[in-house]
Each structure stands twice: as structure tokens, then as C-alpha cells.
Amino acid sequence: MSKTIDNLKTAFAGESQANRKYLAFAKKAAEDGFPQIAKLFRAAAHAETVHALNHFRAMDGVQSTAENLQAAISGENYEVVSMYPPMLAEAETEGNQRAARSFGWALEVEKIHEALYRQAAEVFGQGKDLPEGDYYVCPVCGYTHEGKMTDNCPVCGVPAEKFEKVA
């Protein structure tokens with residue numbers, strides 16, 4: 001692999017992390033009563049997304065829908081099988097309950113994502129799109145649900161009315 005591709009991967013990861021970090025900062029600034037600082041953080045987060053997507057395209061990260069679905073399935077499976085279990089075990093061993101909860105929630109939700117992507121790949125393989133519908137996401141653990149939630153989150157217990165509809 002070339003040094004440029006390595007650099008693109010590093011830059012993509014850094015810009016992606018900056019986006020998420022700035023969105024978290026924006027939320028905190030808004031909660032603290034600083035709407036313009038929040039807006040600045042959101043603007044910078046958007047710019048970081050532009051950078052990340054440019055880097056991702058430059059390394060040919062976006063392929064056909066079929067290939068993208070397989071890449072998503074592989075990524076989610078890696079998280080479920082190889083990444084989160086040892087992270088969760090280490091956090092538990094160290095007694096870091098916040099990290100253990102975060103890793104545990106992510107592990108459970110990534111299983112759902114993998115299943116959703118596998119379902120989408122199966123439908124796509126038949127030359128079809130998924131049926132029209134909405135997705136809702138738990139704002140605490142990220143649990144992703146097809147259709148409106150009627151019960152509490154099965155992962156973290158958040159009430160259904162707190163779920164956010166994905167546009």
C-alpha cells in the first residue's frame with residue numbers, strides 16, 4: 001500500500017473524529033446557552049465531513065451499492081466479533097463501568113446494524129429496494145429500529161417517545 005493511501009486513511013479517520021467531536025461540543029455549547037458557539041461548532045463539523053468524504057473518495061472508498069452493503073456487513077461483523085467483546089471485557093476487568101456500558105451498548109446495536117445490512121443485501125440481490133418506511137434511533141445507546149418505537153429501548157431502556165426519527 002502506498003504512503004499516500006495510508007495518509008488518506010489517517011486523514012479520513014482524523015476528519016471523521018473531528019466531525020463527531022465538534023458535534024458533541026456543539027450540543028454542549030447549546031445546552032450551556034451559547035447558540036452561536038454551537039453554530040460555529042456545527043459549521044466546522046460540516047466542513048470536517050466535507051474533508052473526510054473527499055479523502056474517502058480519493059481512496060476509492062465508495063463502490064457499487066452491492067459492494068458498499070458487503071463492506072458495511074463486514075465492518076459491523078468485525079465490531080461484533082472482534083472489536084467490542086475484548087474492549088468490553090477489558091473495561092469490566094478494570095472496573096470502568098461507563099466504558100463497559102458504552103462498549104456493551106455499541107456491541108448490542110452493531111448486531112442489529114449487521115442484521116439490517118444483511119436484510120438489505122438480500123433484498124438488493126433480488127433487484128429491489130427495501131420497503132418504504134422510517135427508522136428511529138435511540139439517542140442514548142444508538143439502537144436502530146424499523147418503524148416507530150412503541151416500547152422502551154431493548155438495549156438501554158429509554159422510553160419510546162425519546163427515539164429520534166431519521167430523515
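Looking at this structure, is Leu53 within 16 Å of the chain's Cα centre (by Cα), at pLDDT 95 or above and either surrounded by 13 or more Cβ atoms within 10 Å (Cβ to Cβ) or not β-branched (Val, Ile, Thr) (or both)?
yes
In this structure, is Ala24 without any contact (Cβ under 8 Å) to a residue 60 or more places away in the chain, aliphatic (A, V, I, L, M), over 29 Å from Cys156 (Cβ atoms) and not assigned by TED's automatic domain parsing to the domain that holds Ala121?
no
Please find, within region 121-154, the residue that is surrounded by the fewest Cβ atoms within 10 Å (Cβ to Cβ) out of those that are polar (S, T, N, Q) and farther than 16 Å from Glu108 by Cα.
Among them, the one singled out is Gln126.
Quick test of your reading of the structure: Gly157 fulfils all but one of (1) in a loop (DSSP other than H, G, I, E, B); (2) surrounded by 14 or more Cβ atoms within 10 Å (Cβ to Cβ). Name the failing condition by number.
Here Gly157 clears every test but (2).
Looking at this structure, is Phe124 over 20 Å from the mean Cα position of the chain (by Cα) and touching a residue at least 24 places away in the same chain (Cβ under 8 Å)?
yes
Would you confirm, using the coordinates I've provided, whether Leu107 is closer than 24 Å to Ile73 by Cβ and in contact with a helix residue (DSSP H, G or I) (Cβ under 8 Å, 6 or more places away or on another chain)?
In short, yes.
Are any of the residues in region 91-113 surrounded by fewer than 18 Cβ atoms within 10 Å (Cβ to Cβ), of a type in the set (Phe, Trp, Tyr) and part of a helix (DSSP H, G or I)?
no
Tally up the residues in region 11-47 that are touching a Ser or Thr at 6+ places or on another chain (Cβ under 9 Å) and farther than 22 Å from Pro139 by Cβ, please.
Result for region 11-47: 1.
Looking at Ala66, Ala167, can you tell me which residue is loosely packed, with under 15 Cβ neighbours inside 10 Å and in a helix (DSSP H, G or I)?
Ala66
The values are calculated or read from the model by the stated rules, or taken from the named source; none is laboratory data. For clarity, every value in this text was computed on a predicted model and none was experimentally measured. As a convention, Cβ positions derive from the backbone with ideal geometry for all residues, glycine included, and neighbour counts pool all protein chains shown.
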